[in-house]
Amino acid sequence: MKPAKAKMPRKPVIKKGSQSNLKDPVGVYCRVRPLSFPDQECCVEVVNSTTVQLHTPEGYRLNRNGDYKETQYSFKRVFGIHTTQKELFDVVASPLVDDLIHGKNGLLFTYGVTGSGKTHTMTGSPGYGGLLPRCLNMIFNSIGSFQAKRYVFKSNDRNSMEIQCEVDALLERQKREAMPVPKTPSNKRQADPEFADMINVQEFCKAEEIDEDSVYGVFVSYIEIYNNYIYDLLEEVQLDPIKPKLPQSKILREDKNHNMYVAGCTEVEVKSTEEAFEVFWRGQKKRRIANTHLNRESSRSHSVFSIKLVQAPLDADGDNVLQEKEQITISQLSLVDLAGSERTNRTKAEGNRLREAGNINQSLMTLRTCMEVLRENQTYGTNKMVPYRDSKLTHLFKNYFDGEGKVRMIVCVNPKAEDYEESLQVLRFAEVTQEVEVARPVDKAICGLTPGRRYRNLPRGGPVGDEPLVTEVILQSFPPLPPSKLLDINDEETLPKLIEALEKRHHLRQLMTEELNKQCMNFKALLKEFDSSLLNKENYIQEKLNEKEKLISGQKSEIERLEKKNKTLEYKIEVLEKTTTIYEEDKRNLQQELESQNQKLQRQFSDKRRLEARLQGMVTETSMKWQKECERRVAATQLEMQNKLWVKDEKLKQLKAIVTEPKPEKPERPSRERDRERILPRSVSPSPVPLSSNNIAQISTGQQLMSQPQLHRRSNSCSSISVASCISEWEQKLSPFSTPVNVTSLARHRQQEPGQSKTCIVSDRRRGMYWTEGREMVPTFNSEIGVEEDRCRRGDVYKTRGGGQSVQFTDIETLKQESPTGVPLLLR
Ligand code: ADP
Ligand code: MG
């Protein structure tokens, strides 16, 4: 039972008639390696020599909940697990070496996931030499005796070769041997058993039909593409153990024939398989060291080992190489061991490595894309650009796909179930690749027109060229004519001999005519074939033309449709632009409005701030006012209490004085004097001295007035008494002077009445808080210090319920005046 292939339906491939014989598809081969352990689950099966089958492993199905699927893939040839390295080489690589020797380029690469056997196939394992040592072996087996002397060919920087005569080559050799050899680890020749095991190729293999009229030179180069950088693995770098140099990457260049090459890459001329493989091994070691030092993973890089075969014709003598650069033929075989094709997540790469893996996958992705585009272009006649330049790998091998050369790919598959998904991708890519066609390399007549060893034994002197030489050869092959002169009538030999010779010639001529006819027939047949092929070609071209016309008409209608669409879109754009203008206008207006509102808000805000500050000030002021008021009231209450006490004391004193006052026995004096006497003993002054008018003047101007401190005033504070009682009591004693006056009138009054104490009520509204409603004048006299004190009581007047007024004394002010002459003064 053969299950159906799970393939995407594809459009029919257009056959290209006679063109098909000019191009070859990429040869894709598949190699399935044996399982590492016999009990491993397997998902790949070799169906026959050209088909391989992949089936979904059980674990994968369970994990993904998928169906069981079997897919078959066909290749040019499938190699099973028992395939030997020799078998593989014979089928895949040996034709490439054959081509190389015949001046044709070749590219062979191994593709697959890590561990699928790419390196095993390309390089080999100990005891199982791979394709690379076998190729080298075949090359040297074939050209062994026709090799040019070392340094006859010299590689230059422009991907071409110089040629020099053997003497110059010898001189150069001597010069190089005299040079000191740089100390590199590769120069230490180590007997590596692995190395020996790999080149020990027992089977003898040789190319056929070697052009013996040429000399050959073999040059090898070995590069690594890592992280999309190219490194030369054969570069001789001076080893500095203290500061090891980081490898320098190389760039790609295009030579004059538009071939890509690695600029400045080392090309080593080798003369034997051992030498060539040793150079390869040297590079391999360097690669391993770099990987270890830079913590890189070898499976993440692509390695390219190139074998360049240079051949040049011998000169006419067949002794020396022809010193003509144009006659040199260079062919190249590149053996590429690609990096593991697995996707990044499979490698569990992190950080730097992730980037590397990303790049590697990028290179392989580019390779895939290139193949796909090439296939598409070739199948559907499109002309899409192939993205060779997207990665160094594809850019380097651009010429193989674009130009001519044989390309072969070995897809390595590890049949273990864990690799199922990756193997699926690999096989799909391989199928795509084999649909890509590459131009078949033209057979090059390497030395066809150059006389060399082939004509060494022919007589010299004839014109050098093709046609005269051929005529000469043909004439020489004709039997020579005997002498035809008849000297004797009885000569019976000459004529028969001549006849015989002529008959022979005639026969030969007939044979040649036949041959010619045959050739003509052949040529005609060929011409016919050519005609038919031309016809085919014409038909093909016609078909193509029709196709193109269809395509063009399709494109025209598409263009028309697009133009219509374009117009509609333009109209829409116009409408949208208008709408945008309107909206923008609206936006501007709104913005302006917003700005004005903002300004208004700010103004209001600052007004509010100011108001707040003002209110705050008012609050503080009021609270201070009230605080003072409270303090004042507390003080007033205190004073009231003290006043009460003082009034009581005073009353007691007065009572005492009234009680103890002696009755006047003298004749009555004028009332003024009497009153003075009555008052003075109650006053503090014991012996009043009449004031001079001068002193009074001094007081009235207030030049020496001093206010007493608060403490003093408090000690003399007056108590609260009712206005009625106070006035009545004092009016009884001080009736002649008890008329209310203001401060100025009082002063004037005192001037008129020195030494008299007065009771009056003074109102002074200008003092605000301090306005005084009642005042009592008590003159004092202190003769000891020469100071006269005058006490002034202050009080508040309240209206009583009964309609009268009451005074509450709140303070006493004591004014002192020192007498400049020591004479006591009477203050106001
Ligand atoms: P890759 O280069 O693809 O990562 P390798 O070539 O290094 O894989 O192979 C991994 C291992 O598998 C090596 O030890 C190799 O010897 C072994 N191996 C690969 N292919 C085969 C084969 N066809 N026969 C025997 N052993 C193989
Ligand atoms: Mg490998």
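For the peptides 614-626, 363-375, what is the packing order when you average, over each peptide's residues, the other Cβ atoms within 10 Å and list the highest mean first? If you can, show how the numbers build up before the last one.
Values: 614-626: 10.1, 363-375: 20.5.
Highest-to-lowest ranking by the protection proxy: 363-375, 614-626.
One decimal place: the segment Gln555-Glu274 gains 95.1 nm when fully extended, by the rule 0.36 nm per residue minus the C-alpha distance.
All other residues whose Cβ lies under 13 angstrom from that of Phe523 are scored, Lys and Arg at +1 and Asp and Glu at -1, for a net of 0.
Given the pairs Lys245/Lys271; Lys406/Lys528; Lys206/Lys406; Lys250/Lys285; Lys86/Lys286; Lys76/Lys118, which are separated by over 25 angstrom at their Cα positions? Result: Lys245/Lys271; Lys406/Lys528; Lys86/Lys286 exceed 25 Å. Between Arg77 and Cys30, the built amide H atoms are under 5 Å apart, and every one of these is 5 or more places off in sequence or on another chain. Name the shape class, rounded, prolate or oblate, that the alpha-carbon gyration tensor gives for segment 13-113, where a ≥ b ≥ c are the square roots of its eigenvalues, rounded holds for a/c under 1.5, and otherwise prolate holds if a/b is larger than b/c and oblate otherwise. Oblate, since a/c reaches 1.5 and b/c is not below a/b.
Let me know the shape class of segment 515-670, please: from the alpha-carbon gyration tensor, a ≥ b ≥ c as square roots of the eigenvalues, rounded when a/c is under 1.5, otherwise prolate if a/b is greater than b/c, or oblate. Provide the component values of the computation, followed by the final result.
Working: a/c = 15.30, a/b = 5.98, b/c = 2.56.
Here segment 515-670 falls in the prolate category.
Sequentially through segment 248-265, phi angles give Karplus couplings (6.51, -1.76, 1.60; θ = phi - 60°) of 8, 7, 10, 10, 9, 9, 10, 8, 5, 9, 6, 8, 7, 8, 8, 5, x, 7 Hz, Gly and Pro residues having no value and appearing as x. Between Arg440 and Lys23, Asp24, the built amide H atoms are under 5 Å apart, and every one of these is 5 or more places off in sequence or on another chain. The separation of segment 50-106 from segment 495-521, counted between C-alpha centres, amounts to 58 Å.
Length gained on full extension, Gln248 to Asp586: 115.4 nm, using 0.36 nm per residue less the C-alpha separation. Here r is the Cβ-Cβ distance between Val91 and Asn490 and R0 is 51 Å; the resulting FRET efficiency, rounded to 0.05, is 0.10. How much FRET efficiency would the formula 1/(1 + (r/R0)^6) give for Gln510 and Glu431, where r is the Cβ-Cβ distance and R0 is 51 Å, rounded to 0.05? My answer for the efficiency is 0.30.
Model label sites at Gln604 and Ile499, defined 7 Å from Cα along the beta-carbon direction, differ in position by 14.6 nm. Electrostatic bookkeeping for Gln40 treats Lys and Arg as +1 and Asp and Glu as -1; over the other residues with beta carbon under 9 Å from its beta carbon, the sum is -2.
Less than 5 angstrom separates the built amide H of Ser125 from those of Gly130, all sequence-distant by 5 or more or on a different chain.
Which net charge results when you count Lys and Arg as +1 and Asp and Glu as -1 among the other residues whose beta-carbon is under 13 Å from that of Thr366? Let's see the in-between values first.
Numbers: positive: Arg368, Arg389, Lys392, Lys398; negative: Glu372, Asp390.
Around Thr366, the surrounding residues sum to +2.
Order the peptides 159-167, 226-234, 594-602 from the highest to the lowest mean number of other Cβ atoms within 10 Å of their residues. Present the calculation step by step, with values, prior to reporting the outcome.
Values: 159-167: 16.3, 226-234: 21.2, 594-602: 10.0.
Sorting 159-167, 226-234, 594-602 by mean packing, highest first, produces 226-234, 159-167, 594-602.
Ranked by the mean number of other Cβ atoms within 10 Å of their residues, highest first, the peptides 329-337, 417-425, 383-391 come out as 329-337, 417-425, 383-391. Coupling constants for segment 507-520 follow from the phi torsions by the Karplus curve (6.51 cos²θ - 1.76 cosθ + 1.60, θ = phi - 60°), and in residue order they are 4, 4, 4, 4, 4, 5, 4, 4, 4, 4, 4, 4, 4, 4 Hz; glycine and proline get x.
Inter-label distance, Lys256 to Ser145: 3.6 nm, where each label sits 7 Å from its Cα along the C-beta direction.
Values in this text are rule-based calculations from the coordinates and carry no lab data. Please read all numbers here as calculations on a predicted model, not as lab measurements. We place every Cβ from the backbone using ideal geometry, glycine too, and count neighbours over all the protein chains shown.
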